[in-house]
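One structure is given here, and the rest of the page talks about it.
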Amino acid sequence: MKGKNKQNHNLFGVLSLATVFLAAIIAVLCTSVYCVRKSIGRADAELAGGKRSLPIYSVETSEKKISISFDCAWGVDFTDQLLDVMQKNGVRCTFFAVEFWVKKYPEYVEKIVSAGHEIGTHSRTHSYMSKLSETEIRSELSTSAQAIERLTGQKVSLFRPPYGDYDNLLVDTARDMGLYTIQWDVDSLDWKNLSGQEIALRVINATKNGSIILCHNNGLHTAEALPLIFSTLRNRGYEFVPISELIYKENYTIDANGRQHGQN
């Protein structure tokens, strides 16, 4: 009997350890689920509401107008080359600048505007803005826009979210602040250091009426790609205009693909 009791005791101990281990696993899983749910809670709320606030990815238009844009967050190594190529080709474009870039390179902000281009905000800190509260979003947008306006004397009306990351709160808050949230439908992928020809072919093959092209001011081969992009697309009848001249400012809708439609 003593041996049997000992076996029962050992079995009870094993079962107890298993129970504790199982409880620990369940606790970890519950915590993980809670964290995931918390991180996507805002997206869940949007889906539950059945409505998504969308940025402008492109514009529905019968006119062969397109826009090329450059995000400015890191460095200016190739910016003079970009400005020179656009000046030679008579192209006006849109730059989206982060506040810390604006403050570090004020002379380039002035160069861009004096060359006839426009500047929109790319946020203050280049963070994932769907993770921010409304108060934090307003702070990011207001201070970054003010930094640009102080240097240029021009009102900022365009905003591009860092990383293309957004949610309803971000788009709605930007709209309430008088900013049009702008994405793109043609991605040059110049940040991947593709060759100039690869960048040009990506852009040329994807562009259509109302397209918004994404590039970066510090792309290694972006300036190389521009002459071929400009000459080819112009030969196809396209006109390059700044984004503020491409989009509808009022009486418009945005479809599920982010394409903006004017309403007569």
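Read-outs: derived from the displayed coordinates by stated rules, not from any lab. Note that the coordinates shown come from a computational prediction; the quantities given were computed from them, not determined experimentally. Ideal geometry is used to build each Cβ from the backbone, glycine not excepted, and the neighbour counts take in all protein chains shown.
Give, rounded to the nearest 20 debye, the magnitude of the charge dipole that region 58-262 has about its Cα centre when Lys and Arg contribute +1 at Cβ and Asp and Glu contribute -1 at Cβ.
Values: 21 positive and 27 negative charges, 69 e Å.
Its charge dipole is roughly 340 debye.
Taking amide H as placed 1.01 Å from N in the peptide plane, the amide H of residue 96 sits under 5 Å from that of 70, 71, 72, 120, each at least 5 places away or on another chain. Listed by chain and number, the aspartates and glutamates whose alpha-carbon sits under 18 Å from that of residue 51, ignoring those within fewer than 8 places in the same chain, are 165, 167, 172, 176, 255.
Which of rounded, prolate, oblate describes region 58-262, given a ≥ b ≥ c as roots of the alpha-carbon gyration tensor eigenvalues and a/c under 1.5 marking rounded, otherwise prolate only if a/b is larger than b/c? Can you show the working numbers first?
On the way: a/c = 1.62, a/b = 1.21, b/c = 1.33.
Verdict is oblate for region 58-262.
Distance between the 7 Å Cα→Cβ label points at residue 84 and residue 251: 4.5 nm. Extending 7 Å from Cα along the Cβ direction at residue 163 and again at residue 244 yields two label points whose distance is 2.9 nm.
Please tell me which of these pairs span more than 28 angstrom C-alpha to C-alpha: 64/103; 104/131; 111/249? If you can, show how the numbers build up before the last one.
Details: 64/103 36 Å; 104/131 26 Å; 111/249 26 Å.
Pairs exceeding 28 Å: 64/103.
Computed on region 58-262, with alpha-carbon pairs under 8 angstrom and 6+ residues apart, the relative contact order is 33 percent.
Proximity of backbone amide H atoms, modeled 1.01 Å from N, is registered between residue 183 and 56, 57 at under 5 Å, excluding neighbours fewer than 5 places apart on the same chain. Along region 248-263, what does the Karplus equation 6.51 cos²θ - 1.76 cosθ + 1.60 (θ = phi - 60°) give for ³J(HN,Hα), rounded to whole Hz, x for Gly and Pro? For region 248-263, the Karplus curve yields 7, 8, 7, 6, 9, 10, 10, 7, 5, 9, x, 8, 7, 10, x, 10 Hz.
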